[in-house]
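Q: For reference, the structure I am asking about is given below.
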Amino acid sequence: ALVLAFWQFLIWIEWKASFAFASPEETFSALFNNWDTIMEGMWTTLRRGFQGYAIAIVIGVAIGAAVARIPVLRAAIGSMITGLQTMPSVAWYPLAIIIFKLSEGAIFFVVVDSLLNFGVSRILGFGG
């Protein structure tokens, strides 16, 4: 309640222009009027996350287990995997756009990549 009161106070003193800083009434009205769109976006995000996690677990466990158990493979690509893990996931987005264009596939690629790094690192950590 205190936050809402302070927010409304800032509106009354016209701290910022109304197009840059909406009132609580306008904000909550927009929230409720667009609830279906917000929920659709939320479910899309959750679906991408769960699908990406499932695929990353399968791929990550397979790669991680192979690299952890086969010394030649670990020597060949172990350091490359470690090097790729240092890149933030968002750095892969330009490559994903080039490969998949602006589509669901590009977003999915980045989600899988971020989770794949986590999965492979866990297996390699346990394997060696």
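The values are calculated or read from the model by the stated rules, or taken from the named source; none is laboratory data. Since this is a predicted model, take the numbers as computed values, not measurements. Glycine also receives a Cβ, built like all others from the backbone with ideal geometry; neighbour counts cover every protein chain displayed. What goes into the accessible areas is simple: the full protein's heavy atoms, side chains included, and nothing from ligands, DNA or RNA. Shrake-Rupley method; radii C 1.70, N 1.55, O 1.52, S 1.80 Å.
Q: Anything in segment 1-33 that is in a loop (DSSP other than H, G, I, E, B), of a type in the set (Gly, Ala, Ser) and over 29 Å from the mean Cα position of the chain (by Cα)? List them, or say none.
A: Within segment 1-33, 1, 17, 18, 23 meet the criteria.
Q: Can you confirm whether residue 84 is in contact with a Pro (Cβ under 6 Å, 6 or more places away or on another chain) and not in a loop (DSSP other than H, G, I, E, B)?
A: no
Q: Tell me which residues, restricted to segment 21-46, are closer than 18 Å to residue 3 by Cα and open to solvent by less than 80 Å² (accessible area, probe 1.4 Å).
A: 21, 22, 23, 24, 27, 29, 31
Q: Oh, and also: Take the residues in segment 88-128 that are at pLDDT below 80 and among the hydrophobic types (A, V, I, L, M, F, W, C); name whichever of them is least open to solvent (accessible area, probe 1.4 Å).
A: Selected residue: 120.
Q: Which condition from (1) under 30 Å from residue 3 (Cβ atoms); (2) touching a helix residue (DSSP H, G or I) at 6+ places or on another chain (Cβ under 9 Å); (3) surrounded by 11 or more Cβ atoms within 10 Å (Cβ to Cβ); (4) not β-branched (Val, Ile, Thr) is the one that residue 18 breaks?
A: (3)
Q: Pick out the one residue from 51, 85 that is polar (S, T, N, Q), under 28 Å from residue 112 (Cβ atoms) and at pLDDT 85 or above.
A: Just a single option satisfies the conditions, and that option is 51.
Q: Same structure again: For residues that are polar (S, T, N, Q) and closer than 25 Å to residue 107 by Cβ, scanning just segment 74-87, find the one that is most open to solvent (accessible area, probe 1.4 Å).
A: 86
Q: Might you let me know whether segment 25-34 holds any residue that is aliphatic (A, V, I, L, M), out of contact with any Pro (no Cβ under 6 Å at 6 or more places or on another chain), farther than 24 Å from residue 111 by Cα and modelled with pLDDT of 90 or more?
A: yes
Q: Just one of the numbered conditions (1) open to solvent by 80 Å² or more (accessible area, probe 1.4 Å); (2) more than 25 Å from the chain's Cα centre (by Cα); (3) under 19 Å from residue 115 (Cβ atoms) is not true of residue 68; which one?
A: Only one criterion in (1) open to solvent by 80 Å² or more (accessible area, probe 1.4 Å); (2) more than 25 Å from the chain's Cα centre (by Cα); (3) under 19 Å from residue 115 (Cβ atoms) is unmet by residue 68, namely (1).
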